[in-house]
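Just so it is clear, none of the values below were taken in a lab; they were calculated from the coordinates. Since the model is a prediction, treat every value here as computed from it, not as a measurement. Note: ideal-geometry Cβ built from the backbone for every residue, glycine included; neighbour counts use all protein chains shown.
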Amino acid sequence: MRTLIKGGTVLSSTGAVVADVLVSDERIAALSAPGIAWEADKVIDAAGKYVLPGGIDAHTHMEMPFGGTSSHDTFATGTTAAAWGGTTTIIDFAVQVKGTTLQSTLDKWHSKADGNCAIDYAFHMIVSDVNDTSLKEMRTCIDAGVNSFKMFMAYPGVFYATDGEILRAMQRAADTGGLVMMHAENGIAIDELVAQALAAGKTDPVQHGLTRPAELEGEATSRAITLAKVTGSPLYIVHLSAAEALAAVANARDTGQNVFAETCPQYLYLSIEDLARPDFEGAKYVASPPLRPREHQASLWRGLRTNDLSVVSTDHCPFCFNEQKELGRDDFSKIPNGIPGVEHRMDLLHQGVVAGEISLARWVEITSTTPARMFGLYPRKGVIAPGSDADIVVYDPTATQTLSAATHHMNVDYSAYEGLAITGKVDTVLSRGRVVVADNAFHGATGHGRFLTRDLCQYLT
Ligand code: URP
Ligand code: ZN
Ligand code: ZN
Ligand code: ZN
């Protein structure tokens with residue numbers, strides 16, 4: 001089966017060129033100047049449109065148990081929604097429950113995902129129980145293609161790891177080639193502020209933001225960077241939201257340390273004003289780290305330009321407003337943490353191009369090419385080049401759309417971006433050569449997506 005994507009503007013992390021892309025079965029066979037009369041079974045006219053490598057969302061939570069409930073997208077619904085939005089690979093977090101092994105955690109995540117994904121998928125491992133067995137098993141995970149390990153400086157009693165535990169895991173990562181990913185918020189101090197707020201009768205969702213100040217993200221980020229330096233471990237800060245944390249990352253990078261960070265669309269577009277919406281509406285915007293005052297957004301965009309922020313992932317973690325966020329109506333600390341977004345990352349970041357915040361090449365780099373390199377998927381993913389998987393998005397930069405829960409495909413009853421007007425729209429999506437989205441219809445299938453064993457991080461200096 002040969003498909004020709006004809007006459008589009010092919011984007012990469014280094015620029016744009018008008019070219020034809022020939023797909024043969026699952027792979028890209030050729031990228032050529034227009035004019036070659038390729039024989040093909042199917043021709044997609046991409047004139048006037050962008051042709052870019054499928055998005056890679058390196059931070060999702062499908063079917064994740066949290067706060068007495070579970071994130072509402074299954075691997076089937078979440079990966080289908082991702083495909084609609086031009087994302088063709090997700091990396092989801094397998095969650096170790098204290099007292100269980102990393103191997104049993106991997107098995108559990110495979111049993112949720114295998115045979116159920118519409119696009120290709122990989123895993124990171126959340127290490128919440130640092131002990132001799134877990135540390136030994138980091139090697140088992142790496143051998144199974146799961147070589148990045150998330151740890152938490154937040155959520156005492158649940159995922160929280162002490163500095164000593166983090167140090168031990170980082171030492172092991174340094175020895176094995178693994179990458180430590182950090183949720184950097186000072187959870188011990190935050191828990192005190194939360195208890196004080198509740199004792200004072202402050203129960204509204206906005207308290208979630210007020211009890212998790214940016215300084216405590218900055219402090220934890222600096223501490224994680226110091227521990228990484230002492231151990232010689234590379235470090236990837238997840239869902240960075242605060243200017244203070246970005247300053248710490250930038251400073252570490254300036255001194256040559258292997259420190260990287262991602263941010264998420266919600267920190268670029270939403271703010272603590274959304275958390276303060278009346279009538280418990282703010283619960284829709286509860287995630288950790290919390291949405292910040294708007295002033296932080298300019299720093300984040302700058303970080304995306306300077307590469308102090310290398311990746312934009314969604315931290316997609318959907319909980320329904322009606323049945324799930326409701327758990328915290330009388331106590332903000334019981335609101336399940338997470339915001340849905342896997343479907344809208346490519347569109348939202350395209351608004352950064354429209355607004356002149358980032359270039360087209362940078363759009364591709366932070367949403368696809370760098371995540372591929374960072375997480376050992378390049379050049380299989382993240383680039384349109386002969387031999388790469390034919391994960392391709394044809395994107396119409398002039399189409400317009402309005403984001404809404406009424407039209408999105410995520411399995412959640414609200415949109416964090418309800419009513420937001422977007423310039424640009426996904427036209428066609430190919431996942432390993434198969435057209436999965438075209439003509440405003442889904443043509444994919446759950447079970448098409450394959451598990452990706454990842455090489456070690458290729459992005460280290
Ligand atoms: O609020 C969030 N971010 N929920 C998902 C879990 C995490 O910390 O990434
Ligand atoms: Zn439900
Ligand atoms: Zn986190
Ligand atoms: Zn997350």
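A few comments on the model shown:
- Radius of gyration over Kirkwood radius for the stretch 258-314, both on Cα atoms: the Rg/Rh ratio is 1.04.
- Dipole of the stretch 3-89, positive direction: furthest Cα of 9, 21, 61, with charges on the beta-carbon: 9
- Among the GluC sites (Glu not before Pro) in the stretch 1-110, those located in a DSSP loop and surrounded by at most 11 other Cβ atoms within 10 Å of their own Cβ are 39.
- Length gained on full extension, residue 104 to residue 17, computed as 0.36 nm times the residue gap minus the Cα-Cα distance: 26.7 nm.
- Reachable lysines, given that their alpha-carbon falls under 23 Å from the alpha-carbon of residue 136 and they are not under 8 places away in the same chain: 98, 108, 150, 229
- Under-5 Å amide H pairs with residue 58, H placed in peptide plane, nonlocal only: 91, 314
- DSSP-defined antiparallel bridges as percent of all bridges, the stretch 54-374, nearest 5: 5
- Long-range amide H partners of residue 319 with built H, under 5 Å: 72
- Backbone HN-Hα couplings from phi across the stretch 37-47 [Karplus 6.51/-1.76/1.60, Hz, Gly and Pro as x]: 7, 5, 8, 8, 7, 9, 10, 10, 7, 10, 4
- In sequence order, calculated HN-Hα J values of the stretch 350-361 (Karplus, 6.51, -1.76, 1.60; Hz; x Gly/Pro): 4, 4, x, 5, 4, 7, x, 6, 9, 7, 4, 4
- For the listed peptides 340-350, 221-231, 91-101, a ranking on the average number of other beta carbons within 10 Å per residue, highest first, reads 340-350, 221-231, 91-101.
- Using alpha-carbon coordinates, inclination of helix 214-231 to the longest axis of the chain, degrees: 80
- Calculated mean residue ellipticity, 222 nm, the chain: -8500 deg cm²/dmol, from DSSP H runs (n ≥ 4) at -39500 (n - 2.57) each, averaged per residue and rounded to 500.
- Cα-based Kirkwood hydrodynamic radius, the stretch 318-443, one decimal, Å: 16.6
- Amide H within-cut-off set for residue 27, under 5 Å, with H built and near neighbours excluded: 390
- Relative to the Cα centre, the charge distribution of the stretch 353-418, modelled as +1 at Lys and Arg Cβ and -1 at Asp and Glu Cβ, gives a dipole magnitude of about 320 debye.
- The chain, relative contact order in percent, only Cα pairs under 8 angstrom and at least six apart counted: 22
- Rounded to the nearest 20 debye, the dipole magnitude of the chain is 820 debye, with +1 charges on Lys and Arg beta carbons, -1 on Asp and Glu beta carbons, and the Cα centre as origin.
- The residue 41 and residue 440 beta-carbon pair, evaluated with R₀ = 30 Å, returns a calculated FRET efficiency of approximately 0.85.
- For residue 77, neighbours were defined as the other residues whose beta-carbon sits under 11 Å from its Cβ, and their charges (Lys and Arg +1, Asp and Glu -1) total -3.
- Remark: the residue 404-residue 140 segment gains 90.8 nm on full extension, using 0.36 nm per residue and subtracting the alpha carbon distance.
- Each residue of the stretch 86-93 is assigned a 3J(HN,Hα), and the resulting list reads x, 9, 10, 9, 10, 10, 9, 9 Hz, derived from the Karplus form 6.51 cos²θ - 1.76 cosθ + 1.60 (θ = phi - 60°), x at Gly and Pro.
- Residue separation of residue 361 and residue 198 scaled by 0.36 nm, minus their Cα-Cα distance, works out to 54.0 nm of gained length.
- For the chain, alpha-carbon Rg relative to the globular expectation (2.2 N^0.38 Å, N residues): 0.93
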